[in-house]
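Heads up, the thing below is written out as structure tokens.
The values are calculated or read from the model by the stated rules, or taken from the named source; none is laboratory data. Given the structure is predicted, the values throughout are model-derived calculations rather than measurements. Glycine gets a Cβ as well: all are built from the backbone with ideal geometry, and neighbour counts include every protein chain shown.
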Amino acid sequence: MIAETVCSAVSAAGLGIAAVTAYRKRFLAAARIAAYALIPVGLVMTGVVEWLADTAFSPTAWAGFGVLGLSWVIFMTTRAVERRRGGTRKERKAARAATEPGAVAPAASAPSLASGSRPATRPKAKAASGGDDDFSDIEAILKKHGI
């Protein structure tokens, strides 16, 4: 009797923490905390805590298996969403740090393209003859920017 009460209190506290986490707009973390919080109640309902009391085939035990199944589904759903978003929190933070304005070269006006997106081509130097010197620099700059 005391074990059921303790497990229920632990689950209630965990669900409260999950609610606070969801209020802070961290829904994946809140769902994961809720899944952890449902485990003690599921274990009590399945009869693992009091297996000797012959509750293995009671409707409450099967409801407990349902709660454990729900917990497992929540875990798998949050993992699938996390993979779709692009990995763990550390990976997303590192990707965000790579695209910050501080990553721009001092003389550049915009961030450079990622390597491998387009091969870099150097403008060929033309023989300087007369008035072509003035335009060759401009032409090289335009070619560099793909104009």
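Answer with yes or no whether residue 94 is at pLDDT 80 or above, surrounded by 11 or more Cβ atoms within 10 Å (Cβ to Cβ), among the hydrophobic types (A, V, I, L, M, F, W, C) and assigned to a helix (DSSP H, G or I).
no
Checked against the criterion of being of a type in the set (Val, Ile, Thr), at pLDDT 70 or above and closer than 19 Å to residue 36 by Cβ, the stretch 98-107 contains not a single residue that satisfies it. Within the stretch 5-22, residues that are surrounded by 15 or more Cβ atoms within 10 Å (Cβ to Cβ) have Cβ atoms under 7 Å from residues that are among the hydrophobic types (A, V, I, L, M, F, W, C) and not in a helix (DSSP H, G or I) in these pairs: 7/49, counting only partners at least 6 apart in sequence or on another chain. Once the stretch 27-64 is narrowed to residues that are hydroxyl-bearing (Ser, Thr, Tyr) and outside any helix (DSSP H, G or I), the residue that is modelled with the highest pLDDT is 58.
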